[in-house]
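Q: Next up is a structure, given as structure tokens.
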Amino acid sequence: MSATDTGAPTTGPILMELDPKAWETQLDRVEAWLNAVVTTQTAFRKLVEDTLPGVEKPNLHLYLSEILDTARRHEQAAGDLFRHIGRQPGTGRQAMGVLMGKAHEVVADLEGLAGGAAGPWRDLRQMVIANMDAMGAFAVAEQLGLALGIHGLRDAAFPVVMEKSTQHLVLQELMLEMASMAILYREKL
Amino acid sequence: MQNGVVRVSQSAIRNLPTPVRSRVDPADVVVPDGYTVEALVVGLSFPTALCFSDDGTLFFAEGGSTWPTRPYMPPRIWKMAPGGLPELVAVEQLGGPRGLAWRDGKLYVSIKGGYYMRVARHDLKTGDREVVIDKVPSGGWHEPGGPLFGPHDGLMYFGQGSVGLNGTVMPAGYTVDLAKHPHVHDVPGQDVKLSGNNVWGRDPRTPYPYYVQTGPFRPFGTPARKGEVVKGQTFCNTCVMRARPDGRDPELLAWGIRNPFGLAFSPEGELYASDNDFEEKGDRAIAEDPDRIWHIRNARQPHGSVGTPDWYGYPDLCADGLPVWDDSHVPQRGAPPTPLLEEHPPWAGPAAYLFEPHTGLGKLDFCASDAFGHKGELFVCQFGTYAPLNSPRPEHLRRGFQVVRVDLKAKRHVPFMHNRHQGPASAAAGNGGLERPVDCRFSPDGKSLYVLDFGNNTASDSYVVAYAHTGVLWRITKQ
């Protein structure tokens, strides 16, 4: 390898977007997204947590309790994603997620009232949307791991997407199953 | 200088920031005595194609959306003058570049994406881009082939692989086809009468995973009827075609080739196509189909004179000429196949060369120079298997991941560029060698072979992942 006066080599291999400056720029962008993952997952967890006490039917309570346990674990997993890019989770993202969760509840209330539905079914419906949002956020983190050759990030995000995908079916089925009871019979869950 | 494109020391590529491929080291790549290996460019995202202009300028392409289709990375075309740094030439759309060719001062690019494969022509002096070939049915499982130009006739040759996985569109890889192209289907190159056999599968698009039947040359969920005739089209898939460089006078030479990804003319002017075997999975599983090189004999016929294209076997024959339902192709997993065609056109085989199943053939080039050695032999990229995804057989797990040279006349091949262990570099901890060779091309001076390495692309039992920024351009030179 030879070098110019500036020290830059004039022969040798060429790096594409892997030099420290380019790389750090990309990691900054990934970090910003991982903050979004934390926010969306926290919002989902908060929604489940707030809904659960109002659910009276034992079978539904059981389903949602399991989902809440998983949601807490996934929230922890969201925070752990940062270490795969050598960064720390940002502060305040969970607080924002809690606020988002409450904002979702307001939206759910309005939409639920419009549908005439009663009780926590409105929140159940909102959970479907919030879980989809958080699942998408993890899936995007997986894609960013693939895009930057960071298999740890991909390997950490993918199982969460798998698990959330399975639970999404549960939430969707519960929401659809109970829709007639909530809307036509004004029954609480 | 392009942002993010920098020249570095040799030691820098042994300590890369991409954890999945943190080391690239020519010392880990094995080539015959008397040859040297260099890593020229490191950190490419899903590179798929390379070519040279007459003055020795190298062009290479990053594939955008590839295998699998996500993540989508910039589908860029680069040029690199001898001793220079890569400069961005163009960014394609809707998927990405798959093949490159230089002709009379213009760069031709085959592009996958959407329902149709295209060939675009770039005038690098004016910056103009025009699409010269359009409407070749695509949008599914397999890839465009070419373009390349006939040394004897100056015509542009190109191809397109099957949309269906193993004879029909199937749910196995729905992110590749069904999710984005729910209406996609194969198109035959000549009229075919269907057997009425269909393939049962679960529909991944629907709220309930409906059980549906799908026929050949039909969209997913549309069954075929016994005796039904599907009209052949010039713009079909599983095809090799040719046209004038501006796209006029297209002519179909061959069809029934599952994935004619690599096209190359021999020094004698004969056209050959690489092709990938059927997969041992899913709702029409086929075992032990050899990977193969086809001789496209119709390329020798005068332009415009090919009335009936040759047929090479898809969807009903394996490369050994046996039907897919033959005892030797019964799958260990998945549903065994039944005939899809009522009658078969005459078979254009046998293959010019058969490899073991699941070596995953990429592109190829003939050596035309004594300077490099092995003049007249065919150098073939073996991209490497997707087992265990595509085959349950343990013996398939490490096949490919190398460049081989083939003596077509003597019917033998030997590895030319490979790792010290079988399989990709990522199969051995800390190895900086070859991952998946996808394209290779001899330099115009005939002294060097350039090999494009797609990068880390790992298959599991259920899916495959690809990591961007892990591709490498290698150069092998005779000392």
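Q: Restricting the count to DSSP beta bridges whose residues both fall in the protein assembly as shown, what percent are antiparallel, rounded to a multiple of 5? Can you show the working numbers first?
A: On the way: 105 of 110 bridges.
Of the beta bridges lying entirely in the protein assembly as shown, close to 95 percent run antiparallel.
Q: Could you give the nm distance between label points at B:TYR210 and B:ASP407, where each point is 7 Å from its Cα heading toward the beta carbon?
A: 5.8 nm
Q: Multiply the residue separation of B:SER11 and B:ASP134 by 0.36 nm, subtract the distance between their alpha-carbon atoms, and state the gained length in nm to one decimal. Walk me through the numbers before you get to the answer.
A: Numbers: separation 123, 0.36 × 123 = 44.28 nm, distance 4.53 nm.
Extra length from B:SER11 to B:ASP134 when fully extended: 39.7 nm.
Q: Treat the count of other C-beta atoms within 10 Å as a stand-in for reagent exposure and order B:VAL465, B:VAL330, B:VAL20 from fewest to most. Intermediate results must be reported in sequence, preceding the final value.
A: Working: B:VAL465 21, B:VAL330 15, B:VAL20 25.
Listed from fewest to most nearby Cβ atoms, that is B:VAL330, B:VAL465, B:VAL20.
Q: What length, rounded to one decimal in nm, is gained on full extension from B:GLU395 through to B:ASP445, with 0.36 nm per residue of separation minus their alpha-carbon distance?
A: Working: separation 50, 0.36 × 50 = 18.00 nm, distance 3.95 nm.
Once the chain is fully extended between B:GLU395 and B:ASP445, it gains 14.0 nm.
Q: Which value in nm describes the separation of the simple spin-label points at A:ASP28 and B:ASP123, placed 7 Å from the Cα toward the beta carbon?
A: Between A:ASP28 and B:ASP123, the label points sit 4.1 nm apart.
Q: Sticking with this structure for a sec: Suppose every K and R has +1 on its Cβ and every D and E has -1 on its Cβ; what is the size of the dipole of the protein assembly as shown about the Cα centre, in Debye to the nearest 20?
A: Numbers: 66 positive and 76 negative charges, 88 e Å.
Value, rounded to 20: 420 debye.
Q: For segment B:88-94, take each phi angle, set θ = phi - 60°, evaluate the Karplus expression 6.51 cos²θ - 1.76 cosθ + 1.60, and give the result in whole Hz per residue in order, putting x for glycine and proline.
A: Whole-Hz 3J(HN,Hα) from phi for segment B:88-94: 6, 9, 6, 10, 7, 10, 6.
Q: Mind checking the mean number of beta-carbon atoms from other chains within 10 Å of the Cβ atoms in B:80-88? Numbers along the way, then the final one.
A: Values: counts 1, 0, 0, 2, 1, 1, 2, 0, 0.
Partner-chain Cβ atoms within 10 Å, mean over residues of B:80-88: 1.
Q: Going by how many other beta carbons lie within 10 Å of each one, how would you line up B:ILE77, A:ILE129, fewest first?
A: Working: B:ILE77 22, A:ILE129 17.
Taking fewest neighbouring Cβ atoms as first place, the list is A:ILE129, B:ILE77.
Q: Something else: Which whole-angstrom value gives the distance between the alpha carbon centres of segment B:294-323 and segment B:59-137?
A: 28 Å
Q: Continuing with the same structure: So which of B:LYS363/B:LYS409; B:LYS135/B:LYS409; B:LYS231/B:LYS409; A:LYS164/B:LYS112 end up more than 27 Å apart by C-alpha? Present the calculation step by step, with values, prior to reporting the outcome.
A: On the way: B:LYS363/B:LYS409 19 Å; B:LYS135/B:LYS409 37 Å; B:LYS231/B:LYS409 37 Å; A:LYS164/B:LYS112 32 Å.
As for pairs spanning more than 27 Å Cα to Cα, those are B:LYS135/B:LYS409; B:LYS231/B:LYS409; A:LYS164/B:LYS112.
Q: Here's a follow-up. Of all the C-alpha pairs in chain B, what % are more than 42 Å from each other? Could the numbers behind the result be given before it?
A: Details: 11845 of 114481 pairs.
When every Cα pair of chain B is considered, 10 percent fall beyond 42 Å.
Q: Related question: Restricting to DSSP H runs of at least four residues, report the calculated mean residue ellipticity at 222 nm for the protein assembly as shown, -39500 (n - 2.57) per run over all residues, nearest 500 deg cm²/dmol. Could the numbers behind the result be given before it?
A: Details: 5 runs with 139 residues, N = 668.
Helices in the protein assembly as shown give a 222 nm mean residue ellipticity of -7500 deg cm²/dmol.
Q: Extension gain B:ALA428-B:THR234, at 0.36 nm per residue separation less the Cα-Cα distance, in nm? Walk me through the numbers before you get to the answer.
A: On the way: separation 194, 0.36 × 194 = 69.84 nm, distance 4.65 nm.
The B:ALA428-B:THR234 span can extend by a further 65.2 nm.
Q: Which of B:TRP255, B:TRP141, B:TRP325, A:TRP23 has the fewest other C-beta atoms within 10 Å, and how do the rest follow up to the most? Numbers along the way, then the final one.
A: On the way: B:TRP255 32, B:TRP141 24, B:TRP325 16, A:TRP23 19.
Least to most surrounded, the residues fall as B:TRP325, A:TRP23, B:TRP141, B:TRP255.
Q: Given labels modelled 7 Å from the Cα in the Cβ direction, how far is it in nm from A:THR11 to B:GLU38?
A: 0.7 nm
Q: Distance between Cα centroids, segment B:410-479 to segment B:197-233: provide it in whole Å.
A: Value for the Cα centre distance between the two parts: 37 Å.
Q: Go ahead and run the numbers for FRET between B:HIS421 and B:ARG333, Cβ-Cβ distance against an R0 of 35 Å, rounding to 0.05. Walk me through the intermediate numbers first.
A: Working: r = 27 Å, r/R0 = 0.77.
The calculated FRET efficiency here is 0.80.
Q: What is the P(r) of segment B:347-396, as percent of Cα-Cα pairs per 10 Å bin from 0?
A: 21, 36, 31, 12, 1
Q: Averaged over peptide B:463-470, how many Cβ atoms belonging to another chain are found within 10 Å of each residue's Cβ?
A: Working: counts 1, 0, 7, 3, 8, 7, 12, 5.
Partner Cβ neighbours, averaged per residue: 5.
Q: Okay, next question. What per residue convex hull volume, in Å³, do the alpha-carbon atoms of the protein assembly as shown yield?
A: On the way: hull volume 113.6 nm³, N = 668.
So the per-residue Cα hull volume is 170 Å³.
Q: Give the calculated FRET efficiency between B:LEU94 and A:ASP69 to the nearest 0.05, with a Förster radius of 41 Å applied to their Cβ-Cβ distance.
A: Values: r = 43 Å, r/R0 = 1.05.
Step by step, r from the Cβ atoms, then E = 0.40.
Q: Then there is this: What percentage of all Cα-Cα pairs in segment B:165-216 are separated by more than 15 Å?
A: Values: 653 of 1326 pairs.
That tail contains 49 percent of the Cα-Cα pairs.
No value in this document is a laboratory result; all are computed from the given coordinates. Since the model is a prediction, treat every value here as computed from it, not as a measurement. Counting neighbours? That spans all protein chains shown, and the Cβs are built from the backbone with ideal geometry, glycine included.
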